[in-house]
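Notes follow the structure.
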Number of protein chains: 2
Amino acid sequence: MPEISEQQQNHQRLQQVNQALGSGMFVHVRKLLQNMPAYDIALILESSHPKSRAVLWQLIDADNHGEVLEELNEEVRKGILKTIRPEKLAEVAEGMDVDDLAEVLRTLPDSVYQEVLSAMDSQDRGRVEAALSFEEDTAGGIMNTDTITIRPDVTVDVVLRYLRLRGDLPEATDSFYVVDGKNHFIGAVSLAAIITAKPEVIISTLIDKDIEAIQAHLSESDVAQLFEKFDWFSAPVIDDKGRLLGRITIDDVIDIIREDAERSMMSMAGLDGEADTFAPVLKSTQQRSIWLGVNLITALLAVAVSSMFEGVLSQLAILAILNSLVPSMGGVAGNQTLTLVIRAIALGHVGDSNARILIQKELAVGFLNGVIWAVLIAGVVAIWQQNLMLGGVIAFAMLMNLTAAGIAGVAIPLFLKRINIDPALAGSVILTTITDVVGIFAFLGTATLFLT
Amino acid sequence: MPEISEQQQNHQRLQQVNQALGSGMFVHVRKLLQNMPAYDIALILESSHPKSRAVLWQLIDADNHGEVLEELNEEVRKGILKTIRPEKLAEVAEGMDVDDLAEVLRTLPDSVYQEVLSAMDSQDRGRVEAALSFEEDTAGGIMNTDTITIRPDVTVDVVLRYLRLRGDLPEATDSFYVVDGKNHFIGAVSLAAIITAKPEVIISTLIDKDIEAIQAHLSESDVAQLFEKFDWFSAPVIDDKGRLLGRITIDDVIDIIREDAERSMMSMAGLDGEADTFAPVLKSTQQRSIWLGVNLITALLAVAVSSMFEGVLSQLAILAILNSLVPSMGGVAGNQTLTLVIRAIALGHVGDSNARILIQKELAVGFLNGVIWAVLIAGVVAIWQQNLMLGGVIAFAMLMNLTAAGIAGVAIPLFLKRINIDPALAGSVILTTITDVVGIFAFLGTATLFLT
């Protein structure tokens with residue numbers, strides 16, 4: 001039997017649900033959705049037309065609503081939240097993890113938000129309000145509060161007896177946190193250490209020195225880097241007085257990494273990292289038009305530069321025909337450097353101390369590629385047009401522009417990073433403007449000097 | 001005291017090492033590197049000029065060489081491996097995880113590879129050869145073999161006594177695997193279940209039904225999706241007869257996710273996902289030139305299309321000036337759609353059953369944006385050039401091209417995916433060719449009809 005991939009299985013599930021939905025077999029859809037993990041249901045919602053989502057949502061078992069909301073992409077979730085009444089939402093909220101619930105509440109309008117909070121029981125409300133008191137993208141904002149704490153002076157045997165009485169551990173528990181009487185964090189003891197230790201061993205001797213506490217205000221990307229650096233599965237979060245507040249688990253870190261990477265890729269096309277694939281047409285049009293508007297301005301700038309050379313363009317139509325070549329190659333070469341540097345910034349490869357090495361390298365690469373393509377294109381043009389001078393002009397422009405592209409590809413993202421603008425978002429547009437303007441100036445300017 | 005971010009700390013470390021290296025203080029560099037986690041050392045190597053890397057490598061404590069190799073990006077690692085003699089490499093290999101070691105060995109030339117293998121002790125060699133027998137990008141290729149297995153019919157007490165005797169668990173152990181006498185996988189029991197169970201409980205009653213075994217030949221991206229879907233921290237790997245082979249832990253999954261995301265972003269600029277930021281100039285030039293060559297061909301195609309309209313271009317210089325505008329806007333709009341669809345494919349949002357909805361949506365978005373920018377640009381041009389007809393011509397071309405861009409932005413990646421070509425790699429170049437050709441044809445063609 002040939003096996004099929006996860007992705008093919010996803011599409012089969014999607015197709016089954018769509019077909020059943022299309023033929024109005026709601027009971028069947030409900031049954032299909034009942035046996036699916038929340039992750040798969042979220043995927044189906046994200047892969048559906050916004051109109052179908054509302055219907056599907058009603059057919060999902062109410063007990064699963066919370067988990068599905070947790071898995072959904074932000075924009076799709078917002079759309080669904082709009083259709084849920086606040087009382088209903090408070091019910092859904094009960095089953096959710098504190099960190100995910102806080103994330104959901106942040107996206108709600110103030111009035112709804114207050115209504116949901118007041119409908120919750122006071123213990124849950126307290127925990128959510130604590131999470132909401134931290135910035136969204138910090139350790140405090142993404143932590144959970146379900147930690148197990150133990151005292152340093154008890155024995156392993158005492159802990160084991162306590163755990164057997166308790167009978168169940170919070171999800172994804174791989175260590176317990178040792179605290180003093182005032183809840184100050186002392187250290188972490190792994191489950192593995194407790195399970196392999198002799199019963200009479202004192203807990204304080206088992207503390208794992210590799211696990212450090214994270215400050216609640218640390219940014220989430222710093223949190224992700226610490227997890228990767230130390231191969232943590234979970235880590236404790238403390239306030240600035242060293243008191244234990246909660247813990248972050250690696251599944252949250254995976255979300256951060258995935259979202260960061262998506263945001264970079266989408267930003268480079270002027271899109272929102274969490275954009276809904278099947279967003280309504282009007283909404284998509286509006287979101288895209290900002291970026292198109294910015295591009296129009298830069299394109300008009302290129303037009304303005306060209307128009308300065310109207311004289312030479314009207315004399316020699318071949319210049320008009322070739323005018324796009326140099327800017328195009330410059331744009332591609334510059335974008336390669338830009339992309340490399342944006343990744344390097346994200347990975348932490350470039351800083352003040354080695355930026356110069358990178359500029360020198362990319363300048364050399366741009367120059368060398370400039371020479372290669374200048375020679376090639378000069379040959380093509382000289383033979384095609386039987387005009388050696390024209391070949392020389394375009395070769396010079398190509399060399400200029402690819403060299404400029406190399407410098408701009410490094411300098412622009414580093415500069416944007418320094419003034420706290422996301423290089424992935426604004427870099428490409430600025431770069432293209434530069435390679436367009438330099439390319440046209442170099443080509444038509446040199447042509448004016450040597451061909452007329 | 002103002003706190004500094006992880007990234008700033010990284011740069012400070014990098015700067016310290018660079019300064020010490022630059023002034024020849026090798027003993028100091030050695031000392032700095034001694035106190036750093038392998039992750040930080042790898043980051044410093046990746047952030048350094050290739051020439052400095054060889055020097056730094058010599059200054060790293062030999063005991064850390066294996067761990068640092070594990071953390072390094074593939075291209076940088078290859079560069080360093082070239083400088084290590086095979087006997088040395090066999091020593092380094094001893095401390096490495098099987099999955100990482102297999103990855104390293106795969107990148108070596110055959111002769112070196114054999115030499116390293118034969119220098120290893122027979123047990124290690126056996127484990128590595130087992131890992132190497134699976135394809136690189138499959139569950140078998142990324143698994144580790146350090147599992148703890150238990151029998152279904154023993155009690156918790158027996159397991160606990162065994163573990164206390166053992167005294168230590170493999171890194172990142174969160175569950176034990178229950179197997180029969182022939183090593184067939186029966187199920188997983190979490191550490192949490194054992195630690196909270198009464199001593200007399202039989203292991204088979206504690207089996208966690210949420211943890212399924214992964215087939216060794218499953219692709220690594222499918223593995224990553226299963227981990228995300230079920231929130232696993234680790235999962236057992238079995239062969240096609242159901243025998244336990246090893247396990248995959250979530251830190252490997254994070255690497256897969258990060259590498260996949262990086263590959264997508266880098267591919268869109270025609271770069272290798274694992275490209276070395278500080279690669280030597282000649283190597284970089286060579287790597288970039290392929291993509292520039294492809295772009296040159298598509299740019300020459302656009303030139304060829306323009307040259308078909310030499311007559312009208314030589315009559316009206318304004319057409320030459322405006323000729324880049326429509327292709328530019330089409331390229332940007334098309335790339336937005338393309339990026340959205342590439343992400344949608346990666347997330348599993350699009351399949352045969354909903355591709356049509358997406359095409360219809362993007363067609364509508366393209367058309368609508370076409371109308372908006374057509375009207376705007378027509379106004380600008382008509383006023384600037386006092387030529388209503390010219391405004392009409394460019395408006396029509398803009399509308400055509402943005403609509404074509406919307407269709408192409410969906411159709412190209414879906415088609416490439418179907419014929420098993422990475423849409424992130426080839427999509428952008430094909431799309432730009434289409435928006436260039438359609439844009440020029442629509443603009444200059446209509447201009448020929450109505451303006452001459």
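No value in this document is a laboratory result; all are computed from the given coordinates. Because the structure is predicted, anything quoted here is derived from the model rather than measured. Note that each Cβ is placed from the backbone with ideal geometry, even for glycine, and that neighbours are counted across all protein chains shown.
Details
- The range A:203-257 shape via C-alpha gyration tensor axes, a/c threshold 1.5: oblate
- Cα coordinate range in the protein assembly as shown, projected on the principal axes (Å, largest first): 96, 70, 62
- Adding -39500 (n - 2.57) for every DSSP H run of four residues or longer, then dividing by how many residues the protein assembly as shown holds, sets the calculated 222 nm ellipticity at -21500 deg cm²/dmol.
- Förster radius 22 Å - calculated FRET efficiency between A:D61 and A:E171 (Cβ-Cβ, nearest 0.05): 0.65
- Ordering A:F26, A:Q58, A:A279 by Cα displacement along the dipole of chain A toward the positive end leaves A:A279 in first place; charges were set at the Cβ atoms of Lys, Arg (+1) and Asp, Glu (-1).
- Cα-Cα over 29 Å, subset of A:K51/B:K417; B:K88/B:K283; A:K51/A:K88; A:K229/B:K209; A:K209/A:K241: A:K229/B:K209
- Computing FRET efficiency as 1/(1 + (r/R0)^6) for B:M389 and A:A355, where r is the C-beta to C-beta distance and R0 is 51 Å, gives about 0.50.
- Three principal axis lengths of the range B:149-267 [C-alpha, angstrom, descending]: 56, 28, 23
- Here the Debye sum runs over all C-alpha atoms of the range A:281-451 as equal scatterers in vacuum, and log10 of I(q)/I(0) at q = 0.09, 0.19 Å⁻¹ comes out as -0.35, -1.13.
- Debye intensity ratio I(q)/I(0), log10, chain B, q values 0.06, 0.09, 0.14 Å⁻¹ (C-alpha model): -0.42, -0.82, -1.26
- Under 5 Å between amide hydrogens, built in the peptide plane, is the criterion, and for A:G246 it picks out A:V237 among residues at least 5 positions away or on other chains.
- The distance separating the Cα centre of the range B:316-360 from that of the range A:160-212 comes to 54 Å.
- Inter-copy label distances at B:L165, using a point 7 Å along Cα-to-Cβ, come to 3.1 nm with the shortest given first.
- In sequence order, calculated HN-Hα J values of the range B:242-248 (Karplus, 6.51, -1.76, 1.60; Hz; x Gly/Pro): x, 7, 5, 10, x, 8, 10
- Label positions at B:T155 and A:S122, each projected 7 Å from the Cα along the C-beta direction, are separated by 4.6 nm.
- Rg then Dmax, both in Å and based on the Cα atoms of the range A:388-444: 13.6, 47.
- Rounded tilt (10° steps) of A:355-385 against the dominant C-alpha axis of chain A: 40
- Between A:D422 and A:F450, the modelled label-to-label distance comes to 4.3 nm, taking each label 7 Å out from Cα in the direction of the beta carbon.
- Principal semi-axes in Å for the range A:239-359 [√(5λ), Cα gyration tensor, largest first]: 43, 23, 12
- Put in order of Cβ neighbour count within 10 Å, fewest first, the listed residues A:R30, B:R258, B:R166 become B:R166, A:R30, B:R258.
- Derived scalar couplings ³J(HN,Hα) [the range B:224-234; Karplus, 6.51 cos²θ - 1.76 cosθ + 1.60; whole Hz; x for Gly, Pro]: 4, 5, 4, 4, 5, 5, 9, 6, 6, 9, 7
- Between A:Q15 and B:A304, the distance separating the two model label sites (each 7 Å from Cα on the Cα→Cβ line) works out to 3.9 nm.
- Cα gyration tensor category, rounded, prolate or oblate, for the range A:259-303 with a/c compared to 1.5: oblate
- Cα gyration tensor category, rounded, prolate or oblate, for the range B:298-381 with a/c compared to 1.5: prolate
- Helix A:50-59 and the long axis of chain A differ in direction by around 10°, with both axes built from C-alpha atoms.
- Copy-to-copy label distances for B:P280, where each label lies 7 Å from Cα along Cα-to-Cβ, are 5.9 nm in order of increasing length.
- A Cα-only calculation for the range B:6-142 places Rg and Dmax at 15.7, 47 Å.
- Against chain A, whose longest principal axis is taken from its Cα atoms, helix A:250-267 shows a tilt of about 20°.
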